[in-house]
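Scroll down for the structure; my scribbles are underneath it.
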Amino acid sequence: MGKSMEEKHREMLDRDPGYALEYSRMEEEFQFVRELIRARMKAGMTQQQVAEKMGTTQSTVARLESGGTIPSLRSLQKYAWATGSKVKISIER
């Protein structure tokens, strides 16, 4: 059996400085996506269930969770409401 995605990722971080640099630049986006997914999982919901509660489609929720788009604050608030969470924004030095 081949390597898992996590194993490949760790290997690339170790072997490829360019990959590691780009990954570090995108870390905040990855963290944001992880938080969305964590909120949904903690609520015990599927993407379809979140979508129905938000009044949107499952593919829209999938796009939010993929990090492929930058959601509006309103979309984040709807997602948070649907999952029983709240939005907290912080700008730090």
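Go through [x] 12.6, 38; [y] 15.6, 45; [z] 12.4, 41 and flag the label whose value is the computed Rg and Dmax of the Cα atoms in Å for this structure. Here the calculated entry is [y]. For the listed residue pairs Lys8/Lys88; Lys8/Lys86; Lys53/Lys88, the alpha carbons are over 27 angstrom apart in Lys8/Lys88; Lys8/Lys86.
At 1.4 Å probe size, with every protein chain present, just tell me what the per residue accessible area of the chain comes to in Å². Can you show the working numbers first?
Numbers: 7310 Å² over 93 residues.
On a per-residue basis, 79 Å².
Summing Cβ point charges (Lys, Arg +1; Asp, Glu -1) relative to the Cα centre of the chain gives a dipole of roughly 500 debye. Here's how it looks for Ala43: its modeled amide H is under 5 Å from none belonging to a residue 5 or more places away or on a different chain.
So what is the calculated 222 nm ellipticity per residue for the chain, using -39500 (n - 2.57) for each DSSP H run with n of 4 or more, over all residues, to the nearest 500 deg cm²/dmol?
That calculation yields -20500 deg cm²/dmol at 222 nm.
Spatial offset of segment 1-30 relative to segment 39-93 amounts to 25 Å, using the alpha carbon center of each. Computed with a 1.4 Å probe on the full set of protein chains, the accessible area for Ile89 sits at about 120 Å². Split the accessible area of the chain by element, probe 1.4 Å, and carbon with sulfur accounts for 55%.
The values are calculated or read from the model by the stated rules, or taken from the named source; none is laboratory data. Because the structure is a prediction, the values reported are computed rather than measured. When we count neighbours, we look across all protein chains shown, and the Cβ atoms used for this are built from the backbone with ideal geometry, even at glycine. For the accessible areas, the whole protein counts, side chains as well, though only heavy atoms, and no ligand, DNA or RNA atoms are used. Shrake-Rupley method; radii C 1.70, N 1.55, O 1.52, S 1.80 Å.
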